[in-house]
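A.B. asks: A single structure is presented below for examination.
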Amino acid sequence: MQRICFVLKVRADRVEEYRSRHAQVWPAMRGALTAAGWHDYSLFLRQDGLLIGYLTCEDFGAAKATMKSLEVNTRWQAEMSPFFESLTANADDEMQPLQEIFHLD
């Protein structure tokens, strides 16, 4: 199982709205993430917009590819993209795993 951590940047002026949107993630989106193999998926957001994401999965590339193929994810990404700074694509494409350097197991 892979542990994945990534960083994105939410626009500081949209932090509160981003938080509120994630308090109401669509049931279909939640189901799609689970079916695509995203486990223990968590987002952490600092007030200045720093977003830390964490998940576990068997294969991050395959899990992202599965989500990219789903219509519900396309709609979700279209709604969420304006919240981020400096995206060249959608947020899923921008997720670059950080190198894990320590894990207490």
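The numbers here are math on the coordinates, done by the rules we state, and not lab data. Quick caveat, the model's predicted, so the values are computed rather than measured. Note that each Cβ is placed from the backbone with ideal geometry, even for glycine, and that neighbours are counted across all protein chains shown.
A.B. asks: Which Cα, out of 56, 34, 12, lies furthest along the positive dipole direction of the chain (beta carbon charges, K/R +1, D/E -1)?
C.D. replies: Checked the options; the winner is 12.
A.B. asks: Taking K and R as +1 and D and E as -1, what net charge do the other residues with C-beta under 15 Å from the C-beta of residue 74 add up to?
C.D. replies: Once all neighbours under 15 Å are counted, the net charge is -1.
A.B. asks: Here is a follow-up. So how far, in whole Å, is the C-alpha centre of segment 23-85 from the one of segment 1-18?
C.D. replies: Spelled out, the Cα-based centre of one part sits 10 Å from the other.
A.B. asks: Here is a further query. If we count other beta carbons within 10 Å of each Cβ, what is the order of 52, 4, 101, fewest first?
C.D. replies: Least to most surrounded, the residues fall as 101, 52, 4.
A.B. asks: So which trypsin sites (Lys or Arg not before Pro) in segment 43-94 pass both tests, a DSSP loop state and at most 12 other Cβ atoms within 10 Å of the Cβ?
C.D. replies: Taking segment 43-94 and a limit of 12 other Cβ atoms within 10 Å, the loop trypsin sites (Lys or Arg not before Pro) found are 46.
A.B. asks: Charges only on Cβ, +1 for Lys and Arg, -1 for Asp and Glu: so what's the dipole of segment 2-94 about the Cα centre, in debye to the nearest 20?
C.D. replies: Once rounded to the nearest 20, the dipole reads 120 debye.
A.B. asks: GNM on the chain, C-alpha springs below 10 Å: top fluctuator among 83, 44, 60?
C.D. replies: 44
A.B. asks: Kirkwood hydrodynamic radius (Cα pairs, Å) of the chain?
C.D. replies: 14.3 Å
A.B. asks: Taking 8 Å as the Cα distance limit and 6 or more residues as the minimum spacing, I'd like the relative contact order of segment 2-94 as a percentage.
C.D. replies: 38 percent
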